[in-house]
Amino acid sequence: MTSRTQEDPSAGPGASRPAFSFLTTAYRTADTLPRTIESVLAQTRTDWELVVVDNGWDDEIAAAIEPYLVDPRIRFTRQENAGASGGTMAAAALATGRYLVPLNSDDAVVPEFCARTGELLDADPDVAAVTTDAFQFVDPGERRLAHSYLTDAGVRGTPDGHAPLRLADVIDGPSPYYTAAIRHEVWDELDGMTSETPLVDDLDFWLRMIVKGHDVRVIPDRLGRFRVQAGSVSRPNDNERIERFEAQRERAMRNAVERSGDPDAQEALDRVVRRVRYEQHIRRARFAFREGDLEAARSHVRAAYALRHSARSAAVLAGLRFAPGVLGAVHPVKQNLQKGWRALWSADWLDRFRPASRRSE
């Protein structure tokens, strides 16, 4: 491993430890890495360092970061590909900041990220980590979507940044946003994002932190910029990967509930598992139907209906029993309508109807 390390001049005379260490692992993201770096350079609070790991000895990554190494706060190291968490852990091993901030090399932060999260962490040493909401966007063009990270996950209302996050909140709710400010000593105590469930290592990290009794806060500010990409680890688009992701997610949650003995968390887990099983049976029925296995499709829909007597499962079951040909014709039409609806509610379309003074909000 090679690295380029220089002291941080913004921390003051005689001081070399920054407040924030951004941990960025880069693998095949030479096209998006400059955007990530620029967002860190734009921070209104300047006592930070950025540690970038070339996670795979990619010369394009090295070329993309080279112009930025004139800033002594930006550090660079290279290694063989060790996976996303392995790259983040390599960055953490070099980090010197009081607060560690995982930041994917295709995501970004808004200029106030350090100022807002640092305000809470500096004021209260009992707060272990501060996570936030985030704008969502898609490439090409960084087209902003209408829903934020939390609203897209179904959160209604405004998170209470003054109340610690409960285990049940994380189990029956969205995983806290990945790019968060975490106290260095807490990261070390938990061995960072090393996990037996690597597809959900961030969720597992948050669960372990809360089970250990640490105070995690969620503030409502949209301080991150989260790239949405179909087929990514968090958004798998084939049945096998989806079910592998769901299995690891359930395992991480079960481990946390067992360690905590929290009855509210157990109740939340029971709700989630029932909901996931329902969706799994509906999804398996759809795949079986596409393969022409009507009996397997009916079996899965019956199992779904037993879990939840929903109009959806009842309609699909009736269609499979009495009119499978009609059901086959309806499904692609429904998919096209859903795609159209999502496009209709994208932020760039909505901007046409916003006053010009608010279009940059």
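Looking at the stretch 133-280 from every direction and averaging, what is the projected area of its Cα convex hull in nm²? Projected area, direction-averaged: 9.3 nm².
Classified by the C-alpha gyration tensor, the stretch 97-210 has a rounded form. Its axis ratio a/c, with a ≥ b ≥ c, is below 1.5.
Computed from the Cβ-Cβ distance with R0 of 51 Å, the FRET efficiency linking Ala62 to Ala123 stands at 0.80. Across the accessible surface of the stretch 70-119, with the other protein chains kept in place and a 1.4 Å probe, carbon and sulfur atoms take up 55 percent. Look at the Cα gyration tensor of the stretch 1-160: its axes a ≥ b ≥ c give a/c of at least 1.5 with a/b at or below b/c, and that counts as oblate.
Between beta-carbons, use under 9 Å as the cut-off and find the net charge around Ala62, counting Lys and Arg +1, Asp and Glu -1.
Residues close to Ala62 contribute a combined charge of -4.
The residues of the stretch 32-174 expose on average 39 square angstrom of accessible surface per residue, using a 1.4 Å probe on protein heavy atoms.
Taking a ≥ b ≥ c as the square roots of the eigenvalues of the alpha-carbon gyration tensor, the stretch 200-276 is classed oblate because a/c is 1.5 or more while a/b is no larger than b/c. Could you point to the residue in Ala84, Ala62, Thr29 farthest towards the positive end of the stretch 10-89's charge dipole, with +1 and -1 charges on the Cβ of Lys/Arg and Asp/Glu respectively? Ranked along the dipole, the leading option is Ala84.
The values are calculated or read from the model by the stated rules, or taken from the named source; none is laboratory data. The structure presented is a predicted model; accordingly, all values stated were derived computationally and were not measured. With ideal geometry, Cβ positions are generated from the backbone for all residues, glycine too; neighbour counts draw on all protein chains shown. Just so you know, the surface numbers come from the protein's heavy atoms only, side chains and all, with ligands and any DNA or RNA stripped out. Shrake-Rupley method; radii C 1.70, N 1.55, O 1.52, S 1.80 Å.
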